Amino acid sequence: MSGASGSRSVLITGAGRGIGEATARRFADAGYLVGAYDLEPCEWARGDDRFVTGSLDVTDPAAWEAALAELTSRSGGALDVLVNNAGLLYGTPFMDASYARDSALVDVNVKGVLYGCRAAYPYLQKASAPTLINLCSASAIYGQAEMAVYSATKFAVRGITEALDLEWGPQGIRVCSVWPLYVGTGMLEGVNTAGMRNMGVSLTEGDVAEEVLDLAQQTQRAPAGLLGRIRGVLGREVHRPVGRQAKAMYLASQVAPGRLIRLSNKRLTS
Ligand SMILES: NC(=O)c1ccc[n+]([C@@H]2O[C@H](COP(=O)([O-])OP(=O)(O)OC[C@H]3O[C@@H](n4cnc5c(N)ncnc54)[C@H](O)[C@@H]3O)[C@@H](O)[C@H]2O)c1
């Protein structure tokens with residue numbers, strides 16, 4: 001427990017709908033004080049004192065500072081969990097999009113995550129079992145046709161996660177990511193790529209929320225002290241694929257030769 005209120009605290013970006021909303025609700029049910037932030041305050045969270053809600057555009061460092069100060073003023077100055085969830089997607093052939101859409105995806109999916117990590121660090125440092133969880137994607141396993149930019153941004157999220165896991169793990173801050181495949185949220189409205197048609201949409205936002213909460217609770221269950229730190233650096237799970245398909249693809253990518261991975265992705269996404 002690190003909050004003044006006695007409950008653990010979590011800040012979730014992009015919590016207005018979809019995976020962010022489901023995750024916010026799941027953490028609240030588990031007893032957390034939840035900062036549910038999005039471009040606009042989350043209407044669904046108003047009037048429920050388990051939630052603090054407000055505007056946070058993840059591409060704006062000043063907005064990060066303000067949201068973190070607001071939430072942690074109710075949690076004794078510490079942040080136990082940050083969930084970098086806000087994200088954008090376009091799923092079309094690369095040349096059907098535009099410079100503006102490319103920039104928007106990089107700004108939100110990459111810079112938004114970097115800014116969140118930087119802004120939250122001093123607050124995570126003050127928590128007893130801090131966890132930073134990034135929403136990555138199965139599209140970080142192999143570049144996805146018709147999702148080139150999205151896929152590239154999730155490779156970046158993978159890189160940020162791996163680097164900070166190594167850098168901050170010894171300081172006791174766990175950094176990890178979740179990798180769902182297709183989840184039936186508003187993000188996929190109007191998206192009709194060959195990959196989606198071939199693999200289908202089989203996950204719900206609740207499935208992802210459950211895994212995010214489990215990662216945070218897994219950190220708490222880890223042994224404390226030097227042993228915990230050694231185990232954390234050597235053996236802790238960094239990436240968690242969500243769902244049967246993503247798990248199989250992730251596992252295959254760890255053992256199969258690159259050419260085989262390319263071939264199977266070509267089959268699945270064309
Ligand atoms: N839906 C999927 O199939 C899927 C699969 C794998 C990973 N993901 C990832 O999960 C995360 C959540 O996706 P979702 O499906 O719930 O999407 P969604 O579109 O339903 O929700 C995304 C939320 O992010 C918010 N947002 C957008 N730009 C923002 C900004 N600049 N600042 C703050 N908030 C902003 C939106 O307002 C929205 O509420 C994303 O990072 C996404 O890439 C989704």
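Of note:
- The packing ranking of peptides 77-87, 239-249, highest mean first, is 77-87, 239-249, where packing means the average number of other beta carbon atoms within 10 angstrom of each residue.
- Cβ crowding within 10 Å averaged over residues, with 203-213, 33-43 ranked highest first: 33-43, 203-213
- Euclidean distance between Cα centres, region 24-43 to region 184-226, Å: 17
- Evaluated at q = 0.08, 0.12, 0.14 Å⁻¹: base-10 log I(q)/I(0), Debye formula over Cα of the chain: -0.31, -0.70, -0.95
- Nitroxide proxy distance, nm - points 7 Å out along Cα→Cβ at S73 and A194: 5.4
- With a cut-off of 15 Å on the backbone N, the residues of region 128-155 near the modelled label site 7 Å out from R262 along Cα-Cβ are 142-145.
- When Rg and Dmax are taken over the Cα atoms of region 18-112, they come to 15.2, 49 Å.
- Per residue, the accessible area of the chain comes to 45 Å² when a 1.4 Å probe rolls over the protein heavy atoms.
- The length gained by stretching the chain between T59 and Q254 to full extension, at 0.36 nm per residue less their Cα-Cα distance, is 66.9 nm.
- Cα-based shape type of region 144-270, given that a ≥ b ≥ c are square roots of the gyration tensor eigenvalues and the cut on a/c is 1.5: prolate
- Cα-derived Rg over Rh, computed across region 68-126 with Rh taken as Kirkwood radius: 1.18
The values are calculated or read from the model by the stated rules, or taken from the named source; none is laboratory data. Note that the structure is a prediction, hence the values are computed from the model and not measured. Cβ sites come from the backbone with ideal geometry, for glycine too, and all protein chains shown count toward neighbours. SASA here: full protein model, heavy atoms, side chains in, ligands and nucleic acids out. Shrake-Rupley method; radii C 1.70, N 1.55, O 1.52, S 1.80 Å.
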